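This report refers to the structure that appears directly beneath it.
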Amino acid sequence: MRALEPVNGPQLSDPTRVRYNVEAMVRSDVQLMLDVKATGDEVSFELLLRKYRCPLVNFLARMVRDRGMAEELAQEVFLRVYRARKGYAPSAKFTTWMFRIASNLALNAIRDGRYRQLEISMDQSVEIGDDRAPSWEVADRRPGAEQELIARDRAAIIQRAIEQLPDKQRAAVLLHKYQELDYDEIARILECSEAALKSLLFRAYETLRVQLAPLVGQQKS
Amino acid sequence: MNCEKLETKWIAYFDGKASASERRDVEAHLDTCGACAQRAAEYRALWGVLDELPAIAPSASFDAAVRRRVASEVPTRTSWKWFVPSPRLAFAVSCLLVLSVWFASRPAQVEPLPVASATAVTAQASSEADFRMINDLPELENYDVLTNFDALSDLPATPAAQPASHM
């Protein structure tokens with residue numbers, strides 16, 4: 001397990017109170033949230049932030065198709081989690097609650113038409129490699145520039161295929177394939193039955209299978 | 001199991017969440033149906049293709065932005081904040097209520113005077129006050145002389161209105 005470095009936040013953390021340790025890291029999300037609820041524990045909130053910032057930003061970026069907007073929405077999710085700490089009741093998994101907030105925010109943002117089509121910003125976020133690196137160094141340890149380009153093109157095609165899915169299907173695929181949540185969790189987040197979710201997922205993956213047929217063919221061979 | 005029924009178990013089969021019996025059912029069907037076997041191969045490939053999508057890393061300033069926004073969360077103070085039920089508030093309201101009831105139920109202490117005698121007393125007090133005022137004025141020391149001075153009776157009862165320009 002990767003050790004967390006001390007927090008340098010100006011307001012939330014007091015260096016004397018930094019106490020990241022193994023025990024804190026293995027606490028469940030619900031326990032962390034209950035600590036935040038009971039004492040406003042900054043360290044517990046910080047652990048939740050560090051654990052879920054990437055999944056949230058990834059989910060939201062692919063939902064609203066804009067990285068800047070995704071980060072704003074992810075910040076809003078954390079803020080809402082913090083605000084709602086007093087009324088938090090662990091009736092469901094923490095991830096269900098958090099992704100439900102995220103999903104509602106994303107769907108509202110899409111509905112409001114506040115998102116922008118900025119594929120460039122998405123491309124910038126792809127951390128495949130550094131184009132400026134000398135080719136001999138790439139050839140030595142990493143995929144060549146051509147392979148890098150191919151990988152980038154393939155990623156763009158996959159990204160586009162996912163983006164073209166209807167909003168709810170896209171959310172279902174992102175939560176199922178990339179967040180690996182259980183069916184009952186996704187069903188709760190998207191407010192539908194498990195049977196409806198399975199049907200939604202089947203239709204979404206069927207669309208992706210057709211849309212990505214060229215890549216799927218290459219993968220098969 | 002037919003092809004249509006397979007669709008309901010398709011996703012669980014590929015994401016590994018299908019039960020052992022469901023897996024056996026799907027595999028038995030795939031052994032006998034070429035079209036579904038072909039589709040299964042495509043699904044396996046699709047699973048791998050979707051894994052190629054790289055993860056997006058949050059910007060370096062993300063954590064700081066969250067901390068800033070959380071830190072700026074001051075408790076909202078509304079004008080009704082004071083109205084939160086508390087023992088102190090309950091005590092104050094009770095005292096106010098007791099005082100109101102006590103004032104309302106208190107008998108009146110001053111007996112009202114009869115109307116006729118009140119009028120007489122008022123008239124007497126008024127004439128005495130008039131006399132005292134006249135008596136005190138230096139210009140009207142000789143009251144009798146002035147009241148009996150005939151020339152004064154020729155004057156109009158009310159003084160003429162002053163022209164506006166003199167104001």
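Filter region A:162-197 down to the residues that are of a type in the set (A, V, I, L, M), within 14 Å of chain B (Cβ to nearest Cβ) and within 17 Å of A:F59 (Cβ to Cβ) and list them by number.
As a first pass, look at region A:162-197 and keep what is of a type in the set (A, V, I, L, M): A:162, A:165, A:171-175, A:181, A:186-187, A:189-190, A:195-197.
Narrowing further to those that are within 14 Å of chain B (Cβ to nearest Cβ): A:162, A:165, A:172-175, A:181, A:186-187, A:195-197.
Answer for region A:162-197, where residues must be of a type in the set (A, V, I, L, M), within 14 Å of chain B (Cβ to nearest Cβ) and within 17 Å of A:F59 (Cβ to Cβ): A:I162, A:L165, A:A172, A:V173, A:L174, A:L175, A:L181, A:I186, A:A187, A:L197.
Just to be sure, is A:I150 of a type in the set (A, V, I, L, M), part of a helix (DSSP H, G or I) and closer than 27 Å to A:L215 by Cα?
Numbers: of a type in the set (A, V, I, L, M): yes; part of a helix (DSSP H, G or I): yes; closer than 27 Å to A:L215 by Cα: yes.
Yes; evaluated as a whole, the condition is true for this residue.
Looking at B:S100, B:S59, B:S126 in this structure, which one is in a loop (DSSP other than H, G, I, E, B) and at pLDDT 70 or above? Outline the logic, then answer.
On the way: B:S100 fails: in a loop (DSSP other than H, G, I, E, B); B:S126 fails: in a loop (DSSP other than H, G, I, E, B).
Exactly one residue qualifies, and that residue is B:S59.
Taking A:V30 and the conditions (1) of a type in the set (V, I, T); (2) at pLDDT below 85; (3) crowded, with 21+ Cβ neighbours inside 10 Å; (4) closer than 28 Å to A:A172 by Cβ, which numbered condition does it fall short on, given that it satisfies the others?
Result: A:V30 passes all but (3).
Residue under question is B:L6, and the condition is that it be in a helix (DSSP H, G or I), in contact with a helix residue (DSSP H, G or I) (Cβ under 8 Å, 6 or more places away or on another chain), within 30 Å of A:Q147 (Cβ to Cβ) and within 11 Å of chain A (Cβ to nearest Cβ); does it hold? Talk me through it step by step, then tell me what you get.
On the way: in a helix (DSSP H, G or I): yes; in contact with a helix residue (DSSP H, G or I) (Cβ under 8 Å, 6 or more places away or on another chain): yes; within 30 Å of A:Q147 (Cβ to Cβ): no; within 11 Å of chain A (Cβ to nearest Cβ): yes.
Judged against the criteria, B:L6 is not a match.
Determine which member of the set A:R85, A:R67 is within 13 Å of another protein chain (Cβ to nearest Cβ), crowded, with 16+ Cβ neighbours inside 10 Å and over 27 Å from A:Q164 (Cβ atoms). Spell out the reasoning first.
Numbers: A:R67 fails: over 27 Å from A:Q164 (Cβ atoms).
Just a single option satisfies the conditions, and that option is A:R85.
Restricting to helices (runs of 4 or more DSSP H) lying wholly in region A:158-221: which have 2 or more residues that are closer than 24 Å to A:N108 by Cβ? Walk me through how you get there before you give the answer.
On the way: elements: A:167-173, A:183-189, A:194-211, A:213-220.
Fully inside region A:158-221 and qualifying: A:167-173, A:183-189, A:194-211.
Just one of (1) in a loop (DSSP other than H, G, I, E, B); (2) at pLDDT 75 or above; (3) more than 22 Å from the chain's Cα centre (by Cα) trips up A:P10, so point out which.
Condition not satisfied by A:P10: (2).
Any idea which of A:N58, A:N108 is outside the structural domain of A:A171 (by TED's automatic domain parsing), at pLDDT 90 or above and more than 19 Å from B:F62 (Cβ to Cβ)?
Numbers: A:N58 fails: more than 19 Å from B:F62 (Cβ to Cβ).
Being outside the structural domain of A:A171 (by TED's automatic domain parsing), at pLDDT 90 or above and more than 19 Å from B:F62 (Cβ to Cβ) holds for just one of A:N58, A:N108, which is A:N108.
The values are calculated or read from the model by the stated rules, or taken from the named source; none is laboratory data. Remember, predicted model here, so these are calculated numbers, not experimental data. Glycine gets a Cβ as well: all are built from the backbone with ideal geometry, and neighbour counts include every protein chain shown.
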